[in-house]
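Just so it is clear, none of the values below were taken in a lab; they were calculated from the coordinates. In this text the structure is predicted, and so the values were computed from the model without any measurement. Don't worry about glycine lacking a Cβ; one is built from the backbone with ideal geometry, like all the others, and counts go over all protein chains shown.
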Amino acid sequence: MGAITGTFKGFGVTFSHMFRKIVTTDYPFEPAPAAPRYHGRHILNRHPDGLEKCIGCELCAWACPADAIYVEGGDNTDEQRFSPGERYASIYQINYARCIFCGLCIEACPTRSLTMSNEYELARDSRQDLIFTKEQLLAPLLPGMEQPPHPMRLGDTEKDYYVGALTNPGTSAGAEKAPWSETGTKDATGEAS
Ligand code: SF4
Ligand code: SF4
């Protein structure tokens, strides 16, 4: 008698789960959305005219507790301008074999160049592929943006990009959230497709 009761109890557990909400997901075909403030892969943002916000100051690299960021600054010239002001990042790399996604680099960045997306699909087959280059990290060009190098379009000095001008508060609306973070579609370099 006890065995029969136990059997029904066991099936009771099974049946009760059959009518509960399904929590499994069909990953990787239908990736679950991350929490809005999830710390995912980084983005190097742009100004509204397409110039890069990064000025190659290396503050993010110095703030990183995992030594995951490598930056080399270069000088802008009138003929070759990648960002407003004097300097830009000629080399920018983040090593995702080291990164612990703490966000300290984001806090250190004085220009809001560096932000984090919600993308969490960062597994790669080799350590080398885990080192993301500047080209992979740069935000895609949005409509109205122009591929650098090009002259400053929003003012005569870098101040016009960063302070004072109410008509141009220096934000790149839309660029801080890469399109692929919403659609989940991107090519091998992380560019929107
Ligand atoms: S999130 Fe943290 S560990 Fe990763 S690069 Fe930024 S500071 Fe370094
Ligand atoms: S991302 Fe920000 S902190 Fe890092 S080098 Fe560029 S401007 Fe400086």
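One line per residue, one yes/no per condition, for (1) loosely packed, with under 14 Cβ neighbours inside 10 Å; (2) of a type in the set (D, E, K, R); (3) in contact with a Pro (Cβ under 6 Å, 6 or more places away or on another chain):
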| site | (1), (2), (3) |
| --- | --- |
| Q80 | yes, no, yes |
| Y92 | no, no, no |
| N95 | no, no, no |
| G103 | no, no, no |
| L114 | no, no, no |
| S126 | yes, no, no |
| Q136 | no, no, no |
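Counting just the residues of region 1-28 that are among the hydroxyl-bearing types (S, T, Y) and within 30 Å of Y120 (Cα to Cα), which one comes out nearest to the chain's Cα centre (by Cα)?
So, considering only residues that are among the hydroxyl-bearing types (S, T, Y) and within 30 Å of Y120 (Cα to Cα), the one nearest to the chain's Cα centre (by Cα) is Y27.
Can you pull out the residues in region 111-130 that are part of a loop (DSSP other than H, G, I, E, B) and within 15 Å of ligand 1 (Cβ to nearest atom)?
R112, S113, S117, N118, E119, Y120, L122 - these are the residues of region 111-130 that are part of a loop (DSSP other than H, G, I, E, B) and within 15 Å of ligand 1 (Cβ to nearest atom).
Which of the following residues is in contact with an Asp or Glu (Cβ under 7 Å, 6 or more places away or on another chain) and surrounded by fewer than 14 Cβ atoms within 10 Å (Cβ to Cβ): D26, D67, D49, D75?
Exactly one of D26, D67, D49, D75 is in contact with an Asp or Glu (Cβ under 7 Å, 6 or more places away or on another chain) and surrounded by fewer than 14 Cβ atoms within 10 Å (Cβ to Cβ), namely D75.
Any residue that is in a helix (DSSP H, G or I) and within 11 Å of ligand 1 (Cβ to nearest atom) - is there at least one of those in region 36-59?
yes
Being outside any loop (DSSP other than H, G, I, E, B), more than 17 Å from P149 (Cβ to Cβ), near ligand 1 (Cβ under 10 Å from one of its atoms) and under 19 Å from the mean Cα position of the chain (by Cα) is the requirement here; does I94 meet it?
Against the criterion (outside any loop (DSSP other than H, G, I, E, B), more than 17 Å from P149 (Cβ to Cβ), near ligand 1 (Cβ under 10 Å from one of its atoms) and under 19 Å from the mean Cα position of the chain (by Cα)), I94 qualifies.
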